[in-house]
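> Sharing a structure with you now.
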Amino acid sequence: MAVFHIGLIINPLAGLGGPAGFKGSDGMADEALALGIEPKAALRTRVALECLLELRDRLQFVTYPGAMGADLLAEMGFSYRLPAGLDADAAHALTTADDTRKAVELLQDANVALILFAGGDGTARDVSAAAREGQPVLGIPAGVKIQSGVYAISPRAAGELTRRLVEGGLVRLARGEVRDIDEAALRGGKVAARWYGELTVPEEGGFVQQVKQGGVESEELVLSDLAAWLEDTWETDVRYVFGPGSTLHGLAGNLGLNTTLLGVDVIENGAVLAADVNEMQLYELIAEHPVRLLVTAIGGQGHILGRGNQQLSPRVVRAIGLDNLRVVATKRKLATLQGRALLVDSGDIALDEAFPDVVKVWAGYREELLYPVEHG
């Protein structure tokens, strides 16, 4: 079974200002500690991680030394490692915003599927300053004030949602606002919040829309919505490779394109450039061109590469780039997997192992889900 890699960052000073009556912790940690206030961020993170204890064999955390993550993970018996180039000597008692930002950068370099971070709005600001576009993050609420929409409603909710992701449940990607109150103004009696950006956050992704009756997803409506999204985002002079399968064939039909059900087709500028191509033809067509590759999962089985689409050879996939691969699947199709991961079996072990722990799945109009991937 594949190991799932999750990043963990704890701001050990988060929440200190509340019990001290400081209306926040920014710049006030020393004063709060001097009053004898005990840090609570690790305790709240523990509550979240307790939801994952039964999955310890499937998880490896990537974290920062000491109180920023490693101490708690070791105490709870989780497998973890520090990012490359960092050792335990990097830990120090009073952490700073720079530590959080550096941690986010290093965890992203380690290709973690999700970054869990514990803190408050100040911590969210620091995460936002370093997070790359599209990097999934989820906050464990541990601060005095939580204005930002990037936090779970409770530590346990953060743990349960992470568990759902690891177990292959439907998890949708959304945009969460990062907001923070000006604490200096607040101490002066004035409440003023500022918008600092947005982060990509997971949320529960069950059947909440596109229904006809009885809560059952309508395949026809979803394919129509997916076609509308793709049509809205067509890139000029980019070649779109459509893999085999009824999902992509139906998507193309909604775009007015006549593609092959079991073949691979190349579309450019809204028209079919080449239909039912073999591997050699496909490789020639993608050479020296920007390309997007759309694949779907085999229903009930879950393969996205290596079954029924051998035209998408390792050299083709490498030439296109994994960053340009998009998985398209309805929630009904994903549900047939019953929580099992998507599978890649390209015949090239190095390529298979280069796949991330989770991929983004297009599942509706501007709706992306996170879903686990395993390789053979």
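The values are calculated or read from the model by the stated rules, or taken from the named source; none is laboratory data. As the structure is a computational prediction, the values presented were derived from the model and not from experiment. We place every Cβ from the backbone using ideal geometry, glycine too, and count neighbours over all the protein chains shown.
> All but one of (1) closer than 18 Å to residue 138 by Cβ; (2) of a type in the set (Phe, Trp, Tyr); (3) at pLDDT below 85 hold for residue 22; which doesn't?
(1) is the only condition that residue 22 fails.
> If residue 100 passes every condition in (1) farther than 22 Å from residue 354 by Cβ; (2) polar (S, T, N, Q); (3) out of contact with any strand residue (DSSP E or B) (no Cβ under 7 Å at 6 or more places or on another chain) but one, which one does it miss?
(3)
> Quickly run through the stretch 215-263 and pick out the residues that are of a type in the set (Val, Ile, Thr), under 24 Å from residue 305 (Cα atoms) and modelled with pLDDT of 90 or more.
The answer is 238, 241, 247, 259, 260.
> Let me ask something additional. Filter the stretch 128-153 down to residues that are closer than 16 Å to residue 181 by Cα and either in contact with a strand residue (DSSP E or B) (Cβ under 8 Å, 6 or more places away or on another chain) or free of Cβ contacts under 8 Å to residues at least 60 places away in the same chain (or both), then give me how many there are.
Going through the stretch 128-153 one residue at a time, the tally reaches 11.
> Part of a strand (DSSP E or B) and within 15 Å of the chain's Cα centre (by Cα), is that true of residue 116?
The answer is yes for residue 116.
A quick yes/no check of all residues on (1) closer than 25 Å to residue 156 by Cα; (2) within 17 Å of the chain's Cα centre (by Cα); (3) surrounded by fewer than 18 Cβ atoms within 10 Å (Cβ to Cβ):
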site: 56; (1), (2), (3): yes, no, yes
site: 87; (1), (2), (3): no, no, yes
site: 106; (1), (2), (3): no, yes, no
site: 112; (1), (2), (3): yes, yes, no
site: 126; (1), (2), (3): yes, no, no
site: 132; (1), (2), (3): no, yes, yes
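> Report yes if some residue within the stretch 307-315 is touching a residue at least 60 places away in the same chain (Cβ under 8 Å), buried (at least 20 other Cβ atoms within 10 Å of the Cβ) and part of a loop (DSSP other than H, G, I, E, B); otherwise report no.
The answer is yes, given that some residue of the stretch 307-315 is touching a residue at least 60 places away in the same chain (Cβ under 8 Å), buried (at least 20 other Cβ atoms within 10 Å of the Cβ) and part of a loop (DSSP other than H, G, I, E, B).
> Could you go through the stretch 293-300 and let me know if any residue there is closer than 22 Å to residue 111 by Cβ, surrounded by fewer than 16 Cβ atoms within 10 Å (Cβ to Cβ) and not assigned by TED's automatic domain parsing to the domain that holds residue 166.
Scanning the stretch 293-300 turns up no residue that is closer than 22 Å to residue 111 by Cβ, surrounded by fewer than 16 Cβ atoms within 10 Å (Cβ to Cβ) and not assigned by TED's automatic domain parsing to the domain that holds residue 166.
> Step by step: first the residues of the stretch 325-337, then only those that are free of Cβ contacts under 8 Å to residues at least 40 places away in the same chain and surrounded by fewer than 20 Cβ atoms within 10 Å (Cβ to Cβ), then the one that is farthest from the chain's Cα centre (by Cα). Which residue is that?
336
> Determine which member of the set 251, 257 is under 20 Å from residue 362 (Cα atoms), touching a helix residue (DSSP H, G or I) at 6+ places or on another chain (Cβ under 7 Å) and assigned by TED's automatic domain parsing to the domain that holds residue 322.
Answer to the check: 251.
> In the list 163, 156, 172, which residue meets the criterion of being in contact (Cβ under 8 Å) with a residue 60 or more places away in the chain, in contact with a strand residue (DSSP E or B) (Cβ under 7 Å, 6 or more places away or on another chain) and within 17 Å of residue 204 (Cβ to Cβ)?
It is 172.
> Starting from the stretch 221-247, keep only residues that are of a type in the set (Lys, Arg), then list their pairs with residues that are not in a helix (DSSP H, G or I) whose Cβ atoms are within a distance under 6 Å, requiring at least 6 positions of separation or different chains.
From the stretch 221-247, the pairs are 239/266; 239/268; 239/289; 239/291.
> Given the condition in the same structural domain as residue 252 (by TED's automatic domain parsing), out of contact with any Gly (no Cβ under 7 Å at 6 or more places or on another chain), among the acidic types (Asp, Glu) and closer than 21 Å to residue 165 by Cβ, answer yes or no: does some residue in the stretch 304-323 qualify?
yes
> Also, quick follow-up: Only one of these conditions is not met by residue 172: (1) under 16 Å from the mean Cα position of the chain (by Cα); (2) modelled with pLDDT of 90 or more. Which number is it?
It is condition (2) that residue 172 fails.
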